[in-house]
Amino acid sequence: MPDPISWEFAWPYLAAALAGGYLLGSLPFGLVLTRLAGLGDVRSIGSGNIGATNVLRTGRKGLAAATLLLDAGKGVAAVLIAQFWGPDMALVAALGAVVGHLFPVWLGFKGGKGVATALGVFLALSFPIGATCCGIWLLVALIFRMSSLSSLASVAAAPLLSWFVLADLQMVELTAAIAVLVWWRHHPNIRRLLKGEEPKIGGGKASS
């Protein structure tokens, strides 16, 4: 493992962690996989999103599952790579990965909604927190059949869990920042949820 970084000269490493996380997070796996499968541009169907939920609307469950795993995996990879230089670098890379998925440079800064990548970084930073958030997603999805509601609940739980389970202020701050970003990207879904108009999983067009 590399020697600990002196915080007197830490900013280049922090910038590198943020940039590296961003570049990993910006890889648009949903778009790449659907194009390789001969399905065209996934942004032209359903919600126009590049995430697994919209890939599922192509009818290809395998592609949707692969998109989910790869989007989560890039968050995991960003954190694990940065952890070689310390936990602070891992936190910065985690934020970079989520921002990269939300605003990928390759797609004119118009990306997905960051849920899978957020859950990936949560798993890599603290497996109990990440696993609990994934469990919350699954439970809410089973009860209400709404991907967006599951996503909002799972990321909102992360800062609370970080506080009560880990009592780690930096983790609380990071997970809260990610939750705010994910909730902000879900603002159309939130409006529909409040109106009772949000489609259920498998029930038609949505923008989860």
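We did not get these values from a lab; they are worked out from the coordinates using the rules stated. The structure displayed is predicted, hence computed values, not measured ones. Cβ: placed from backbone, ideal geometry, glycine included. Neighbour counts: every protein chain shown.
Between Leu194 and Leu139, the modelled label-to-label distance comes to 2.6 nm, taking each label 7 Å out from Cα in the direction of the beta carbon. Computed from backbone phi with θ = phi - 60° and the Karplus coefficients 6.51, -1.76 and 1.60, the 3J(HN,Hα) list for region 169-183 is 5, 5, 5, 4, 5, 5, 5, 5, 4, 5, 4, 4, 4, 5, 4 Hz; x is used for glycine and proline.
With the charge dipole of the chain set up from +1 on Lys and Arg Cβ and -1 on Asp and Glu Cβ about the Cα centre, the Cα lying farthest toward the positive end among the listed residues Val180, Met89, Ser162 is that of Val180. Counting lysine pairs in the chain that sit 8 or more residues apart in sequence, or on different chains, and whose Cα atoms lie under 21 Å apart gives 11. At q = 0.19, 0.20 Å⁻¹, what is the log10 ratio I(q)/I(0) for region 67-129, with the Debye formula run over Cα points and no solvent? Log10 I(q)/I(0), no solvent term: -0.61, -0.67.
With viscosity set to 1.567 mPa s at 4 °C, what whole-number translational diffusion coefficient in µm²/s follows for region 54-201 from Stokes-Einstein and a Kirkwood radius over Cα pairs?
84
Sequentially through region 17-26, phi angles give Karplus couplings (6.51, -1.76, 1.60; θ = phi - 60°) of 5, 5, 5, x, x, 4, 5, 5, x, 7 Hz, Gly and Pro residues having no value and appearing as x. Across region 79-85, coupling constants 3J(HN,Hα) worked out from phi with the 6.51/-1.76/1.60 Karplus curve, θ = phi - 60°, read 5, 5, 5, 5, 5, 4, 9 Hz, and Gly and Pro carry x.
This ranking places Ile45, Ile129, Ile178 by how few other beta-carbon atoms lie within 10 Å of each, fewest first, which gives Ile45, Ile129, Ile178.
Placing +1 on the Cβ of every Lys and Arg and -1 on the Cβ of every Asp and Glu, with no other charges, gives region 10-195 a dipole of roughly 920 debye about its Cα centre. For the chain, adding -39500 (n - 2.57) for each run of n ≥ 4 DSSP H residues and dividing by the number of residues yields -21000 deg cm²/dmol at 222 nm.
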